[in-house]
Amino acid sequence: MNYKNLLKYSLTILLLISLIEKLYVWIYIYVLEESIYFHFIILEILAILFLIFLAIKNKKIETSLNINFNHTLKYSLLFILFTSFFEKFCYLILNIQTPKSVGFFQLLFNPINTGIIFSFCLVFLILKIRKTKISFNVFLIYILTFIITNCVLKYGNDLIFHYLNKIIHPVSQTQKAEVGLMNLVTNFSGGETFERPSFNIITELFIYPFDNIIFSLKSFNITMFLTSILYSKLILSTFIIFYYSSYVLFVNHNKKGLYALIPIKKDLIFLEITKKPLWWLILLLIPFIRIVPKYLINVELSKLYQKKNSYSYGMTLMPWLFYGMVILNDKTK
């Protein structure tokens with residue numbers, strides 16, 4: 001048995017554990033209490049089942065979807081290694097049991113650094129799969145599989161360290177009572193760095209980050225708003241899809257793809273590709289007003305890729321999705 005099969009079998013076991021936990025929660029909590037999150041847990045169960053099929057390397061599924069799960073697993077493992085694993089490992093070695101004791105490590109293990117590492121891993125995954133001819137739908141499946149696999153591996157990582165901590169640093173009943181009292185007094189969320197994790201894809205990907213974004217907008221907290229965006233894997237993925245689509249567009253027109261990351265230069269190249277006046281750049285720099293020249297630019301791009309004019313509305317209002325549908329739909333190169 002080689003190491004790749006060992007990783008897949010290990011992931012399969014972890015997925016089965018996650019599935020059992022979700023089914024348990026579904027039956028004993030959501031169904032009996034008729035929770036509003038009933039439909040959410042169905043989606044989570046379907047996501048786990050999909051990953052189980054990929055993990056056991058079902059040839060029919062991989063062939064029909066044109067997905068190589070090895071690529072997704074490789075970069076997901078790298079992401080977890082540099083984030084959750086390294087964080088829990090440091091806490092375990094130094095016996096850091098509560099968030100209050102984190103101290104300096106809070107500078108290392110925070111949503112900003114995690115978001116940066118996630119972005120790099122996703123970009124490397126895209127650079128790997130762009131060598132093959134895939135549709136935009138398969139491109140999205142790759143990214144969603146990558147995100148969900150990260151959630152599963154993080155759950156497994158935290159679960160393993162939870163039990164390792166119990167073995168290495170056993171806590172007496174008196175200490176448990178003290179920690180519980182401190183959590184009530186200080187109002188810590190979670191309260192322990194090694195508490196038993198729960199596997200909640202919907203909460204982690206949707207509810208928690210978007211609740212924080214809404215709260216930050218209501219309170220005009222710019223720092224919290226930016227941190228929430230970096231915390232959200234879905235929002236980061238949408239940015240990466242858009243900028244990668246722009247990168248491919250520029251390369252296809254013999255421009256340097258890295259210009260897609262430079263705001264003003266990017267707009268100038270869009271104007272050049274669509275043969276629009278350069279003075280439109282002034283309009284593109286004005287908030288809200290920029291939507292008009294942006295729409296006209298997208299009309300020309302739709303014509304360039306032989307798409308219906310309705311695509312230009314989507315490219316203006318939802319650029320992360322429609323730019324990918326227009327530019328990446330034939331092949332990623």
Counted charge near PHE322, where neighbours are those whose Cβ lies closer than 13 Å (Asp, Glu -1; Lys, Arg +1): +3
Segment 100-162: chymotrypsin sites (Phe, Trp or Tyr not before Pro) in DSSP coil with no more than 14 other Cβ atoms inside 10 Å: PHE104
Using a 7 Å offset from Cα along Cα-Cβ at ILE264, what residues in segment 274-308 end up with backbone N under 12 Å from the label point? 281-282, 285
So what is the diffusion coefficient of segment 189-320 in µm² per second by Stokes-Einstein at 10 °C and 1.306 mPa s, using a Kirkwood Rh over Cα pairs? 92
What distance in nm separates the simple spin-label points at PHE82 and ASP211, each placed 7 Å from Cα in the Cβ direction? 3.0
I need the phi-derived Karplus couplings for segment 129-138: 6.51 cos²θ - 1.76 cosθ + 1.60, θ = phi - 60°, integer Hz, Gly and Pro marked x. 7, 5, 6, 10, 7, 9, 6, 5, 4, 5
Separation of alpha-carbon centers, segment 197-221 and segment 81-119, rounded to whole Å: 20
At 7 Å along the Cα-to-beta-carbon direction for both SER198 and LYS308, put a label point, then send me their distance in nm to one decimal. 4.3
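Rule-based calculations on the coordinates, nothing more; no lab input. In this text the structure is predicted, and so the values were computed from the model without any measurement. Positions of Cβ are backbone-derived with ideal geometry, glycine not excepted, and every protein chain shown enters the neighbour counts.
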